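Working notes, structure below.
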Amino acid sequence: MLSAKPKRRTQAERSSETQERVISAAVEILRSKGYAGFRVADVTEEAGVSRGAQTHHFPTKVDLVLCAVARVFDQATEASRLRIAAVKPEDDVIAEMIADASDFFLGQNFSIGLDILGAAGRDPELRDAVQKVARSNRHLVEDMWIGLLLTRGLSREDAEDVLWLVFSSIRGLSVRLLWQFDKERFERVKLITYQAAFELFDRKKKVLPKR
């Protein structure tokens, strides 16, 4: 009995696979070497593709970097979406928000964005494009958290206040760690942030009718 021949991939499938390999390699190079050490030649070597194949999909270094940045922010947004979807009515929503903010602002995805923004001071096109990617993704995450807070009885204005308090505090702490790493103080201030946000949340929430 003859075995079935493996299905040949289409040109579109091969092209998509190459593009995916290049983007994944670019992300890894940014994580390991930062934007200052980012070399397109390293990306093609990591991806195992020719320079011609790489430039076919990403004609310039900026094109490649922007796609890599979009990928890491999209991954962070999806992680937040899954976390929010898993929050149950009895869960502590403020604790979940702080955990989500900590995972993002203390993680590599945010570090990549900061690194590129810092290095792109003389390249307004790159800086503006990275800011646009970050802004659209973070606004989406914030809107999802606000939507969850609305279901807990907060008005939109109060929900936005709680979100600003949590996300701004954790973001500030994460930036502080760039020049002063004090884990004990960080955890202490994070607890203060939780207490302040929970107090605001508890004071502002309304009792919703049971469904």
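From (1) modelled with pLDDT under 90; (2) in contact with a Lys or Arg (Cβ under 7 Å, 6 or more places away or on another chain); (3) in a helix (DSSP H, G or I), pick out the condition that doesn't hold for V27.
(1)
Among the candidates I98, I84, single out the residue that is under 17 Å from W164 (Cβ atoms) and either touching a helix residue (DSSP H, G or I) at 6+ places or on another chain (Cβ under 8 Å) or part of a helix (DSSP H, G or I) (or both).
After ruling out the rest, the residue left standing is I98.
For the condition surrounded by 14 or more Cβ atoms within 10 Å (Cβ to Cβ) and within 14 Å of the chain's Cα centre (by Cα), what is the one hit in V69, V40?
Of V69, V40, the one residue that is surrounded by 14 or more Cβ atoms within 10 Å (Cβ to Cβ) and within 14 Å of the chain's Cα centre (by Cα) is V69.
What's the number of the condition V87 fails, among (1) at pLDDT below 90; (2) surrounded by 13 or more Cβ atoms within 10 Å (Cβ to Cβ)?
Going through the list (1) at pLDDT below 90; (2) surrounded by 13 or more Cβ atoms within 10 Å (Cβ to Cβ), V87 breaks only (1).
Give all pairs with beta carbons closer than 6 Å in which a residue from the range 143-171 that is more than 19 Å from L106 (Cα to Cα) and at pLDDT below 95 meets a residue that is of a type outside the set (D, E, K, R) and exposed (fewer than 15 other Cβ atoms within 10 Å of the Cβ); count only pairs at least 6 apart in sequence or on separate chains.
So the pair list comes out as G153/L208.
For the range 90-101, give me each residue that is buried (at least 16 other Cβ atoms within 10 Å of the Cβ) and among the small types (G, A, S).
Residue satisfying the conditions is A101 alone.
Name the one entry in V43, V22 that is touching a residue at least 24 places away in the same chain (Cβ under 8 Å), assigned to a helix (DSSP H, G or I) and of a type outside the set (G, A, S).
Just a single option satisfies the conditions, and that option is V22.
For the range 104-138, how many residues are of a type outside the set (F, W, Y) and within 17 Å of R71 (Cβ to Cβ)? Talk me through it step by step, then tell me what you get.
Going through the range 104-138, the residues of a type outside the set (F, W, Y) turn out to be 106-109, 111-138.
Add one more test, that the residue is within 17 Å of R71 (Cβ to Cβ), and what stays is 107-109, 111-117, 126, 129-138.
So the answer is 21.
Restricting attention to the range 172-211, which residues are of a type in the set (A, V, I, L, M), more than 26 Å from the chain's Cα centre (by Cα) and at pLDDT below 85?
The answer is V207, L208.
For V49, work out the one condition from (1) loosely packed, with under 14 Cβ neighbours inside 10 Å; (2) at pLDDT below 90; (3) in a loop (DSSP other than H, G, I, E, B); (4) not hydroxyl-bearing (S, T, Y) it doesn't fulfil.
(1)
The values are calculated or read from the model by the stated rules, or taken from the named source; none is laboratory data. All values reported here derive from a predicted model rather than from experimental measurement. Every residue, glycine as well, gets a Cβ built from its backbone with ideal geometry; the counts of neighbours run over all protein chains shown.
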